[in-house]
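These notes concern the structure reproduced below.
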Amino acid sequence: MVVNGIVGNNTRRKLDPDEFRGFVLMDEFAPMVFVNGGDGKAAQMFTLAHELAHVFFGSSAAFDLREMSPAKDPTEQACNRVAAEFLVPEQQIRRIWPSIKDNPERFQSIAREFKVSALVAGRRALDLGLIVKVEFLTFYHDYLSDERRKAAGRPKQRGDFYANQNLRVGRRFASAVVRAAKEGNLLYSEAYRLTGLYGKTFGSYAAYLGFGGS
């Protein structure tokens, strides 16, 4: 699995969750799941569950879920149902709904209970017929507006560059590339291209992975 919210290592080229949230490339031996790291952490969980369902069905696809609505493709809809039931089981949400349905923050309550985003919680309530579509869409757009305001007010934080590479590239994939380069089975120029890291930065990352410098 790979998680990244930018194009390569270019922090100025962000991946917009409104355009896509993830994708899966099927392979019999090594399927690849990509999750847009620019999305919220709880939303990433739904994307991961959705893409793993694609692996189960054996189909490649990109995933955007505009307004939390699945595409009309039958496989996409099936993957959505699998992800929703896995993260927010119908039996459990119906059990707690009577006690929270009149709470203005009922979707947030569901989100806390099941460790998902409030948007996923709201969409699940809609799909189960607990609310009507206009209620969900009003909540959806208000929620996104509120999240954008919060994001604009947060100070920018810098993370651990090399730890982030494990998510961006995938630690297992990166280790295989570094090992192949050090054993002479892969040109360093190709290793640089595959990891998006070059020269001393690649060597430092190799050391971070336990391979020593380049």
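Summary of computed values
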read-out: Entirely in the stretch 30-119, the helices (runs of 4 or more DSSP H) that have 3 or more residues that are farther than 30 Å from Ala176 by Cα and modelled with pLDDT under 90; value: 74-87
read-out: Filtered residues of the stretch 4-29 (kept if among the polar types (S, T, N, Q) and either under 21 Å from Leu87 (Cα atoms) or outside any loop (DSSP other than H, G, I, E, B) (or both)); value: Asn4, Asn10, Thr11
read-out: Pairs, first in contact (Cβ under 8 Å) with a residue 40 or more places away in the chain and closer than 17 Å to Asp127 by Cβ in the stretch 88-105, second of a type in the set (S, T, N, Q) and surrounded by 14 or more Cβ atoms within 10 Å (Cβ to Cβ), C-beta under 7 Å, six or more apart; value: none
read-out: In the stretch 145-160, residue modelled with the lowest pLDDT [restricted to those that are closer than 19 Å to Val35 by Cβ and either part of a helix (DSSP H, G or I) or among the aliphatic types (A, V, I, L, M) (or both)]; value: Ala151
read-out: Selected residue [among the polar types (S, T, N, Q) and touching a Cys at 6+ places or on another chain (Cβ under 9 Å)] from Ser109, Ser145, Ser99, Ser59; value: Ser59
read-out: Verdict on Leu130 being at pLDDT 95 or above and either over 18 Å from Arg21 (Cβ atoms) or not charged (D, E, K, R) (or both); value: yes
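The values are calculated or read from the model by the stated rules, or taken from the named source; none is laboratory data. Predicted model only: the values in this text are computed from it and were never measured. We place every Cβ from the backbone using ideal geometry, glycine too, and count neighbours over all the protein chains shown.
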